[in-house]
Amino acid sequence: MEHKQHKNKKTFNWLLSISILLVIGTAFMRGVYVPHAGSVYRGFPIDWLVLHSNYGVEFLFFGFILDVIIFYFLLKVLLRVYKRIMTKSVE
């Protein structure tokens, strides 16, 4: 039972790390931004980084957290689908 908890925690950490990297990466992808009144809002699907025309930077914490949660659950669903497909192909 302890081995399963360790494995679940390790999977949680990996999925969380990958989702944070994806959130940061999508903010700097070309074409994933919304220009608005001299400022550029970045992030996908929720804007969390604002680059102002006077070289100021604004960090929207709530948007960042929501993006991490969205990517985490998407990765979790993809991992479950992958495991299900792989177990069916082995049989």
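Values as computed for the structure displayed
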{"quantity": "Answer residue from the range 53-64, given it is out of contact with any helix residue (DSSP H, G or I) (no Cβ under 9 Å at 6 or more places or on another chain) and open to solvent by less than 60 Å² (accessible area, probe 1.4 Å) and is nearest to TRP14 (Cα to Cα) among those", "calculated": "GLY63"}
{"quantity": "Single match in GLY43, GLY63, GLY25 (criterion: within 17 Å of the chain's Cα centre (by Cα) and at positive phi)", "calculated": "GLY43"}
{"quantity": "Matching residues, the range 7-50, being β-branched (Val, Ile, Thr), in a strand (DSSP E or B) and surrounded by 12 or more Cβ atoms within 10 Å (Cβ to Cβ)", "calculated": "VAL40, VAL50"}
{"quantity": "Residue tally, condition of a type outside the set (A, V, I, L, M, F, W, C) and under 30 Å from TRP48 (Cβ atoms), over the range 69-91", "calculated": "4"}
{"quantity": "Test result for ASP67, part of a loop (DSSP other than H, G, I, E, B) and open to solvent by less than 90 Å² (accessible area, probe 1.4 Å)", "calculated": "no"}
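The values are calculated or read from the model by the stated rules, or taken from the named source; none is laboratory data. Predicted, not measured: the structure shown is a model, and the values here were computed from it. Methodologically, a virtual Cβ is constructed for each residue, glycine included, from the backbone with ideal geometry; neighbour enumeration extends over all protein chains shown. The protein model used for the area step is the full one, side chains on, heavy atoms only, and it has no ligands, DNA or RNA in it. Shrake-Rupley method; radii C 1.70, N 1.55, O 1.52, S 1.80 Å.
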